[in-house]
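In what follows, a single structure is set out as structure tokens and then discussed.
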Amino acid sequence: MSADLKKIADDYAAADKKITRRIVICAGTGCVANGSLKVRDALVAELKKKNINVSVELDVHNCGDETTYVSKSGCQGFCQQGPLLHIAPDDILYVMVKPEDVEELVAKTIVGGEVVERLLYTEPSSGKKCKGDAEIPFYNRQTRTVLKNCRIEPGSIEEYIATGGYAGAMKALCDMSAEGVCQEVLASGLRGRGGGGFPTGLKWKFTLPNKSDKKYVICNGDEGDPGAFMDRSVLEGNPHSVIEGMLIAAKAIEANEGYIYVRAEYPLAVERMNRAVEDAMKVGVLGKNIFGSGQDFILHVMEGAGAFVCGEETALIASIEGQRGMPRPKPPFPAVSGLWGKPTVINNVETLSSIGRIIKDGADEYKKIGTEKSPGTKTFALTGHVANTGLIEVPFGTTLREIVMEIGGGVTDDEGNLTGECFKSVQIGGPSGGCLTEEMLDLPLDFDSLKSVGAMVGSGGLVVMNKQTCMVSVAKFFMQFTQNESCGKCVPCREGTKQMLSMLEDITSGEATVETLDLLEQLARSVQKASLCGLGKTAPNPVLSTLKYFRDEYMSHVVDKRCPAGQCKDLAMPEIIAEKCKGCTACLRKCPVGAITGEVKKPHVIDAEKCIKCGACAAACKFGAIVGV
């Protein structure tokens with residue numbers, strides 16, 4: 001069966017006209033974990049109680065008049081404000097909605113046409129109540145293209161098609177040659193969003209000439225960076241865009257089979273991708289003779305075991321083949337000998353999700369956003385010491401200051417309060433990336449600018465750190481991660497990361513010397529050059545970048561035996577912050593060695609020589625006045 005996109009779109013449009021109000025509940029993983037589906041159930045029950053015609057799944061062939069459509073969506077990005085509830089056409093966004101809010105919400109907004117002020121987002125710096133996306137800086141300063149469709153119903157292939165979905169695939173399969181598809185993607189300047197930044201069209205052109213009875217397309221959804229959830233959100237919220245990208249890639253390299261490799265820790269992404277593949281098969285977007293073009297293409301969804309190294313192409317291929325996920329030497333590259341020895345192209349989720357729009361609208365239209373050498377947009381997972389954490393999408397060339405201070409709403413202290421001038425650094429690219437400093441706040445973010453300062457886009461993790469953060473501990477955290485995730489195949493990575501971690505532990509415990517820093521840097525560069533795959537080659541990046549930009553902090557650890565941020569317990573100087581101390585004497589009474597002195601209702605002090613850092617005083621203090629124990 002060949003898909004009739006126009007009929008599907010027309011049927012959906014006819015049903016959509018009967019909807020008087022649409023209420024979209026965010027059903028990304030974060031909001032589901034916070035109870036968004038319970039909110040939806042309570043909302044549907046309350047609407048029915050008010051005798052309002054309600055539908056939770058839009059039946060395009062049997063939709064009643066005057067329908068209130070309560071639909072789900074993928075991740076809407078504003079994760080810390082979830083569960084999110086968007087009401088159209090009123091353009092109201094309610095945040096942190098609970099089931100107990102539903103009765104008031106229905107009575108005032110759905111029935112009465114009023115806004116429930118307490119459920120609106122409050123801008124932290126100004127205290128302003130924001131009614132909808134257009135008024136919220138987190139949204140109105142983004143350019144959402146890949147994430148744009150994450151507000152439609154992810155389980156509805158009809159809605160995806162009605163919003164222009166699969167038009168690019170139809171154009172590629174019916175009106176373009178394989179060489180033409182490769183050239184259009186190459187002309188767009190699209191570079192791989194998985195971290196390497198290699199031109200996507202060039203990768204396809206390398207694969208196309210290699211003749212074989214079988215070729216494969218693989219979607220790399222094995223997102224393993226700590227704090228990164230961009231690919232997961234696209235797979236959950238816009239699964240058909242990934243299928244469309246793979247379909248176009250199949251045309252470009254003359255493949256007829258593909259695999260979507262998703263880590264098993266993403267059960268919702270796996271569930272929605274499986275449904276999307278089934279629905280695409282039912283309507284004829286996948287299968288035999290798609291769009292009457294003669295192109296066949298079938299897809300499999302495979303769950304990965306969660307190894308970080310499987311983000312590397314050849315390790316991922318080994319995993320699909322049923323082997324242990326370990327990298328292979330290159331060449332041969334997957335374009336020549338990939339899955340089961342056949343020519344294979346592997347692209348990241350975000351890369352594939354961008355393809356349909358490039359083919360549908362053209363390369364020139366795509367290049368209007370971003371920079372000359374890094375066109376388009378990039379999704380980032382914005383986390384850490386920032387007011388607005390979540391998933392964002394901005395054009396390449398956007399500065400770090402715009403992301404952190406405007407979209408992110410500013411830097412916070414450890415308690416989550418806005419602090420003004422408290423920015424210290426941003427770790428970009430996760431374990432493979434590097435640190436950006438305050439002097440780089442106005443650096444336009446793209447593949448080349450980041451490379452020039454020793455960092456990389458990576459998959460898109462952005463961890464904001466305030467001045468209370470110990471950069472040596474940050475480097476140690478990422479080294480611990482990469483050491484744990486090393487597959488152990490090559491000695492430089494297996495042993496090098498282990499020894500680097502050991503040296504970092506010596507530094508944070510006060511057992512290192514200045515010579516340790518020189519040895520650490522020398523070893524880091526050796527691991528970088530000699531490792532077999534990208535995991536080992538990039539593992540030293542957090543160490544090298546923190547050594548470069550925060551060497552004085554390392555020197556404090558090894559020379560003064562002091563952690564300036566007070567985060568390394570073995571080096572922290574015990575201290576009672578006078579401004580916070582109320583003189584209640586609770587700490588004094590709990591100290592087992594009599595290291596604390598002071599009068600009632602006056603700030604106390606700690607004798608650092610006597611203190612054994614047992615932590616009893618900090619546990620007793622109700623005001624958070626004691627640090628460094």
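Can we say PHE380 is among the aromatic types (Phe, Trp, Tyr), at pLDDT below 95 and at negative phi?
yes
Sort through ALA318, ALA305 and tell me the only one that's at negative phi and either loosely packed, with under 14 Cβ neighbours inside 10 Å or assigned by TED's automatic domain parsing to the domain that holds ASN484 (or both).
One residue alone meets the criteria, ALA305.
Under 9 Å between Cβ atoms, at least 6 apart or on separate chains: pull out the pairs that start in the range 558-571 with a residue that is under 17 Å from GLU609 (Cα atoms) and touching a residue at least 12 places away in the same chain (Cβ under 8 Å) and end on any residue that is acidic (Asp, Glu) and not in a loop (DSSP other than H, G, I, E, B).
Going by the 9 Å Cβ cut-off, the qualifying pairs are CYS563/GLU553; GLY566/GLU575.
Residues of the range 480-516 being touching a helix residue (DSSP H, G or I) at 6+ places or on another chain (Cβ under 6 Å), more than 16 Å from ARG551 (Cα to Cα) and not in a helix (DSSP H, G or I), which ones?
Matches in the range 480-516: SER486, CYS487, GLY488.
Being in a loop (DSSP other than H, G, I, E, B), farther than 28 Å from HIS240 by Cα and modelled with pLDDT under 90: is that true of ASP65 here?
Taking the combined requirement at face value, the residue satisfies it.
Can you name the condition, by its number, that LYS288 falls short on among (1) touching a helix residue (DSSP H, G or I) at 6+ places or on another chain (Cβ under 9 Å); (2) within 19 Å of LEU247 (Cβ to Cβ)?
Answer for LYS288: the failing condition is (1).
Could you check the range 384-403 and list, in sequence order, the residues that are farther than 19 Å from GLY416 by Cβ and part of a loop (DSSP other than H, G, I, E, B)?
Result: PHE396, GLY397, THR398.
Any idea which of SER473, SER432 is within 27 Å of ASP570 (Cα to Cα), among the polar types (S, T, N, Q) and in contact (Cβ under 8 Å) with a residue 12 or more places away in the chain?
SER473
Taking the condition of being surrounded by fewer than 16 Cβ atoms within 10 Å (Cβ to Cβ) and either assigned by TED's automatic domain parsing to the domain that holds GLY430 or under 24 Å from the mean Cα position of the chain (by Cα) (or both), how many residues in the range 321-339 meet it?
Of the residues in that region, 0 qualify.
Only one of (1) touching a Leu at 6+ places or on another chain (Cβ under 7 Å); (2) closer than 14 Å to VAL70 by Cβ fails for ALA88. Which number is that?
(1)
I'm trying to understand the selection: among the residues of the range 10-35, which are in contact with a Leu (Cβ under 8 Å, 6 or more places away or on another chain) and part of a strand (DSSP E or B)?
ILE19, ILE23, VAL24, ILE25, CYS26
Please go through the range 100-119 and give me each residue that is surrounded by 19 or more Cβ atoms within 10 Å (Cβ to Cβ) and farther than 16 Å from THR68 by Cβ, ordered by number.
Selection gives ASP101, LEU119.
Determine, yes or no, whether THR109 is free of Cβ contacts under 8 Å to residues at least 60 places away in the same chain, of a type in the set (Ser, Thr, Tyr) and under 24 Å from THR389 (Cβ atoms). Can you show your working first?
Working: free of Cβ contacts under 8 Å to residues at least 60 places away in the same chain: yes; of a type in the set (Ser, Thr, Tyr): yes; under 24 Å from THR389 (Cβ atoms): no.
So THR109 fails the test.
Have a look at LYS6, LYS38 and point out the one that is outside the structural domain of ARG272 (by TED's automatic domain parsing), assigned to a helix (DSSP H, G or I) and farther than 19 Å from PRO83 by Cα.
LYS6
Would you please name the residue that is surrounded by the most Cβ atoms within 10 Å (Cβ to Cβ), looking only at residues in the range 249-269 that are assigned to a helix (DSSP H, G or I) and out of contact with any helix residue (DSSP H, G or I) (no Cβ under 8 Å at 6 or more places or on another chain)?
Here the residue is ALA250.
How about the range 314-338: which of its residues are closer than 30 Å to MET170 by Cα and touching a Gly at 6+ places or on another chain (Cβ under 8 Å)?
LEU316, ILE317
Pick from ILE298, ILE346: which is modelled with pLDDT of 95 or more, surrounded by fewer than 20 Cβ atoms within 10 Å (Cβ to Cβ) and part of a strand (DSSP E or B)? Spell out the reasoning first.
Working: ILE346 fails: surrounded by fewer than 20 Cβ atoms within 10 Å (Cβ to Cβ).
Going through ILE298, ILE346 in turn, just one is modelled with pLDDT of 95 or more, surrounded by fewer than 20 Cβ atoms within 10 Å (Cβ to Cβ) and part of a strand (DSSP E or B): ILE298.
Among the residues of the range 301-327, count how many are over 30 Å from TYR160 (Cβ atoms) and not in a loop (DSSP other than H, G, I, E, B).
Here the count works out to 5.
Looking at PHE297, is it under 30 Å from GLY155 (Cβ atoms) and hydrophobic (A, V, I, L, M, F, W, C)?
Numbers: under 30 Å from GLY155 (Cβ atoms): yes; hydrophobic (A, V, I, L, M, F, W, C): yes.
In short, yes.
From the list GLU415, GLU372, exactly one residue is surrounded by fewer than 18 Cβ atoms within 10 Å (Cβ to Cβ), within 27 Å of GLY356 (Cα to Cα) and of a type outside the set (Ser, Thr, Tyr). Which is it?
GLU372
State whether the residues of the range 583-599 include one that is in contact with a Gly (Cβ under 6 Å, 6 or more places away or on another chain) and either crowded, with 16+ Cβ neighbours inside 10 Å or assigned by TED's automatic domain parsing to the domain that holds THR508 (or both).
no
Being β-branched (Val, Ile, Thr) and either outside the structural domain of ALA252 (by TED's automatic domain parsing) or part of a helix (DSSP H, G or I) (or both) is the filter; apply it to the range 203-241 and report the residue that is farthest from HIS385 (Cα to Cα).
Here is the first cut: in the range 203-241, the residues β-branched (Val, Ile, Thr) are 207, 217-218, 234.
Restricting the remaining residues to those that are either outside the structural domain of ALA252 (by TED's automatic domain parsing) or part of a helix (DSSP H, G or I) (or both) gives 207, 234.
Working: THR207: 43, VAL234: 25 Å.
Looking at the filtered set, the residue picked out is THR207.
The values are calculated or read from the model by the stated rules, or taken from the named source; none is laboratory data. Quick caveat, the model's predicted, so the values are computed rather than measured. Note that we place each Cβ from the backbone using ideal geometry, even for glycine, and neighbour counts take in every protein chain shown.
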